[in-house]
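Student: First, the structure itself, so that you have it in front of you.
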Amino acid sequence: MRKILVIRLSSLGDIVLTLPVFKALRQADPDARITALVKEQFADLLANNTDIDQVMMLKRNESLSSIIQRVRQEKFDAVIDLHANLRSRIISLFSGASKRVRYRKAALARRLYVGWRWRSQELEQHTLDRYMDALHRLEGTQADGNILIIQTAFLGDAVLTTPLLTTLKEHHPAAGISVLCTPETAEIFKSHPAVSDVIIFDKRNRERSLRARWDLIRRLKARRFALAVIPHRSLTSALIARLAGIPRRVGFSSSQGKWLMTDTVPFRWGVHDVERNLALLGKLGIHTSAAPLHLEADPVALAAIDGRLKAAGLKANQKLVGINAGSVWATKRWLPEGFAAVADRIAGELGAKVLFIGGAKDQELIGKILGLMKTPALNWAGQTTLSELIAAISRCAVFLTNDSGPMHIAVACRVPTVAIFGPTTKELGFFPYGEGHIVIEKDLSCRPCGLHGANACPLGHFECMKTISPEEVFDAVKKLSSPAVVGGGSINDDVSRPTIRRDDIRATS
C-alpha cells in the first residue's frame, strides 16, 4: 500500500482545483493511502472527500520544523507538491519520501506576461492541467512494447471499448495495439485506426476445445506482448493473458480472474462503461484529461440551507441566483452599483431570489450594494460555514462572481457560472474550468496588472471593471438561467443539469 501526500496550502480556489487530482490518484491506485496537507482553515473542504484517507492540517503559526517532523512520522512513499513555494518545497525535500514531484507553476512566464506582455504556450494551460501533469510524472507510463486488448464480450461492449483504444494510441503512438475478440465483433476493431491487427478467438464455436485454446495461447506467447489491458471480466480472458506470459495484466477488481492480474482497478457502478474502461489506463499513468471539478454538498449542511431558504421565502419552484461580490483584492471586485443593478433585474425580470454570499469582511460591501437596490435580497455574508457555503452555492441555478474561490466552488457544484475578470486574465490559469460558463472581461493593454490583483488600480483609472456594463452581465446571467441551459436551481430540484457545449455559450469580451 503506497502512502501518498498531496501538498496544497492555499487558497480556497486552488484547493478546489486539486479535487480531480485526488480522484485520478484513487482511480490509478485504489489501495493507496492518500493524504492531503492543507491549512487548517481549509480542512473542511476536503473532510468528506471519499478519495482522501486523511487530511493533515497545517496549524496557524505552526513552525516549519514541526510540520516536517509530522510529515516524516507518516513515512510517505511519494509527495506531490501542488503549491510549489519555498515552504512546500522544503517540506517535500525533507519528507523522507522516495519519490517527489512538483507542479510546474509557470511563475516566470506569468511574470513576463504581467510585466511585458510576453506570451508563451505555458499560459494557454489551465492550472488544473498543470496539476495533472505532476500526477502523470508521478505515475509514469509503463506500456513499452506491443499491447494486447482482450475484449471477447458482445457487440455493445466492443463498441464501448473503442475510446480506450484511441486514448492508448494517443499516449503510445509507437506501440502496436492488437485486439483479441470474437468473430462477431472483429469488424469493429479492424476499422479502428488505433488497431494494428485483430486476433480472432472463436470461443463459442471453433475454438471451444482445450486444444484450440492452447494453440491460441501459444500464438499469443510468440508475439511477446508487454502489456494486456482486459476490459472483459471473465476468467478465460485473464487466464489466457497469464498463460501467454504477458508480464503486465490490467483488469477490473470484479473480474472472475482478478487473482491473475498484476494490476486491478475498481469496477464502479453508476458511471458510463466508456469511463470505466478508460479508468483501466490510470494504472499506466494515462489520464485523457482532468476529470470535471466535483463537490458534493454535505447532506446535513444541505438540509440546514434548505431550511434557511424556505424560512427566507424561497418558493418551491423559484430559482435562486447566487452572487459573490467580494474578493480579498479590491481590484478584483466589480462595482457595487453594477451588482445592485444586475441583482434588481434578476429579481424583477427573472423572478429569481438573489442570495449574496461571502465572508465576514464582505458584510460592509454587500450592505452598500443592498442599499443601492430597489428590491430585497438575502445577505448571508459571514453567516455560513464552509460546508454551508458549498451547500448554498449548490442550490443556485446560476452563480455570478468575481474571480475568486467561490467561483471554483460553483463550477465544482456544477452550477453555471458568470465570472467577472478585471485585473486578472484567463491566461493566468484560473478561469472557470469546463463547459457552460461565461467569463466577462475587457481587452485592455494594461491587463493583467498583477498575478492576484491589488488594493488599488496601478494606473488609477480602473477601466477593467468600469467598462463592464450591467447590461452585459445581466444578459450573461439570463442566458445561463434559461430552461435550455439549467435544470432548475430550486430547493426541490435534484435533477442533474444537462451538459452545455462550449459552442452554445461564448465568452463576452
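All of the numbers you see were taken from the coordinates with simple rules; none came from a lab. The structure displayed is predicted, hence computed values, not measured ones. Backbone-built Cβ (ideal geometry, glycine too); neighbour counts: all protein chains shown.
Student: To the nearest µm²/s, what D does Stokes-Einstein give for the range 366-412 at 4 °C and 1.567 mPa s, using the Kirkwood radius over alpha carbon pairs as Rh?
Tutor: Details: Rh = 12.0 Å.
Result for D is 108 µm²/s.
Student: Further question: A 18 angstrom limit on the alpha carbon distance is what I want to check against. Which of Lys99/Lys258; Lys203/Lys258; Lys75/Lys99 exceed it? List each step's numbers first, then the result.
Tutor: Numbers: Lys99/Lys258 28 Å; Lys203/Lys258 20 Å; Lys75/Lys99 12 Å.
Checking Cα-Cα distances, Lys99/Lys258; Lys203/Lys258 exceed 18 Å.
Student: On to the next question. Report the Stokes-Einstein translational diffusion coefficient (µm² s⁻¹, integer) for the range 12-66, Rh taken as the Kirkwood radius over Cα pairs, at 25 °C with viscosity 0.890 mPa s.
Tutor: Details: Rh = 11.9 Å.
For the chosen part, D equals 205 µm²/s.
Student: Would you list which aspartates and glutamates come within 19 Å of Lys442, measuring only between C-alpha atoms, while excluding same-chain residues fewer than 8 positions from it?
Tutor: Cα-Cα hits under 19 Å: Glu124, Glu337, Asp403, Glu427, Glu463, Glu471, Glu472, Asp475.
Student: For the pair Thr166 and Ser482, how long in nm is the line joining their label points, each one 7 Å along Cα→Cβ?
Tutor: 2.8 nm
Student: So which trypsin sites (Lys or Arg not before Pro) in the range 359-432 are both in a DSSP loop and have at most 14 other Cβ atoms within 10 Å of their Cβ? The partial results should precede the final answer.
Tutor: Details: sites: Lys361, Lys368, Lys374, Arg395, Arg414, Lys426; in loops: Lys374, Arg395, Arg414.
Passing both the DSSP loop test and the Cβ count: Lys374.
Student: Using alpha-carbon positions, what is the distance between the centroids of the range 452-484 and the range 292-369, in Å?
Tutor: If we compute the Cα centre of each part, the gap is 16 Å.
Student: Could I ask something else about it? Once amide H atoms are built 1.01 Å from N in the peptide plane, which residues 5 or more positions from Ala454, or in another chain, come under 5 Å H to H?
Tutor: Correct list: Ala330, Thr331, Lys332.
Student: Let me ask something additional. Enter the mean projected area of the convex hull around the alpha-carbon atoms of the range 147-284, in nm², rounded to one decimal.
Tutor: Working: hull surface 29.9 nm².
The directionally averaged projection comes out at 7.5 nm².
Student: Cα to Cα, under 16 Å, and not fewer than 8 places away if on the same chain: which lysines meet these conditions relative to Lys105?
Tutor: Here the lysines satisfying the reach criterion relative to Lys105 are Lys426.
Student: Also: What are the residues whose amide H is under 5 Å from the amide H of Met56, where those residues sit 5 or more places off or on another chain and H is modelled from the backbone?
Tutor: Under 5 Å from the amide H of Met56: Ala36, Leu37, Val38.
Student: Calculate, in nm to one decimal, what Ala107 and Arg60 gain on full extension: separation in residues at 0.36 nm each, minus their alpha carbon distance. Working shown, then result.
Tutor: On the way: separation 47, 0.36 × 47 = 16.92 nm, distance 2.62 nm.
14.3 nm is the gain from fully extending Ala107 to Arg60.
Student: From the phi of every residue in the range 56-72, what ³J(HN,Hα) in whole Hz does the Karplus formula 6.51 cos²θ - 1.76 cosθ + 1.60 yield, where θ is phi - 60° and glycine or proline is x?
Tutor: In residue order, the calculated couplings are 8, 9, 7, 6, 4, 6, 6, 6, 5, 5, 5, 5, 4, 4, 5, 5, 5 Hz.
Student: Here is a follow-up. Cα-based Rg (one decimal) and Dmax (whole number) for the range 3-139, in Å?
Tutor: Every Cα atom of the range 3-139 included, Rg and Dmax give 15.0, 47 Å.
Student: Over all pairs of distinct alpha carbons, what does the Kirkwood formula give as the hydrodynamic radius of the range 299-504, in Å? Spell out each step's value before the answer.
Tutor: Details: mean 1/r = 0.0589 Å⁻¹.
Evaluated on the range 299-504, it is 17.0 Å.
Student: Arranged from highest to lowest average of other beta-carbon atoms within 10 Å per residue, in what order do the peptides 11-21, 58-68 appear? Walk me through the numbers on the way to the answer.
Tutor: Values: 11-21: 22.7, 58-68: 13.2.
Taking the mean over residues of other Cβ atoms within 10 Å, the ranking is 11-21, 58-68.
Student: Still on this structure, please answer the following. Under the 0.36 nm per residue contour assumption, what length would be gained going from the current alpha-carbon distance of Lys258 and Lys466 to full extension? Intermediate results must be reported in sequence, preceding the final value.
Tutor: Numbers: separation 208, 0.36 × 208 = 74.88 nm, distance 6.17 nm.
Here the answer is 68.7 nm.
Student: Another question, then. Once you have the Cα-Cα distance between Ala456 and Lys374, take 0.36 nm times their residue separation minus that, and quote the gain in nm to one decimal.
Tutor: Working: separation 82, 0.36 × 82 = 29.52 nm, distance 2.89 nm.
Computed gain between Ala456 and Lys374 is 26.6 nm.
Student: Name the long-range amide H neighbours of Cys396: under 5 Å, sequence gap of 5 or more, or other chain; modelled H, no Pro or chain starts.
Tutor: For Cys396, no residues qualify.
Student: Right, here's the next one. Please turn the phi angles of the range 366-377 into ³J(HN,Hα) values with the Karplus equation 6.51 cos²θ - 1.76 cosθ + 1.60 (θ = phi - 60°), one per residue in order, whole Hz, x for glycine and proline.
Tutor: 5, x, 5, 5, 4, x, 8, 7, 9, 10, x, 8
Student: In addition: How would you rank 167-177, 38-48, highest first, on the average number of other Cβ atoms within 10 Å across their residues?
Tutor: On the way: 167-177: 16.2, 38-48: 18.2.
Ranked by mean Cβ neighbours within 10 Å, highest first: 38-48, 167-177.
Student: Take the chain, compute every pairwise Cα distance, and split them into 20 Å bins from 0; I just need the percent in each bin.
Tutor: 21, 46, 28, 5, 0
Student: Just need the relative contact order of the chain here, percent rounded to a whole number, with Cα pairs under 8 Å and 6+ apart. Can you show the working numbers first?
Tutor: Values: 984 pairs, mean separation 67.2, N = 509.
Relative contact order, the chain: 13 percent.
Student: Determine the dipole magnitude for the range 3-139: charges of +1 sit on the beta-carbon of Lys and Arg, -1 on that of Asp and Glu, nothing else is charged, the reference point is the Cα centre, and the result goes in debye to the nearest 20. Walk me through the numbers on the way to the answer.
Tutor: Details: 24 positive and 16 negative charges, 124 e Å.
Rounded to the nearest 20 debye, it is 600 debye.
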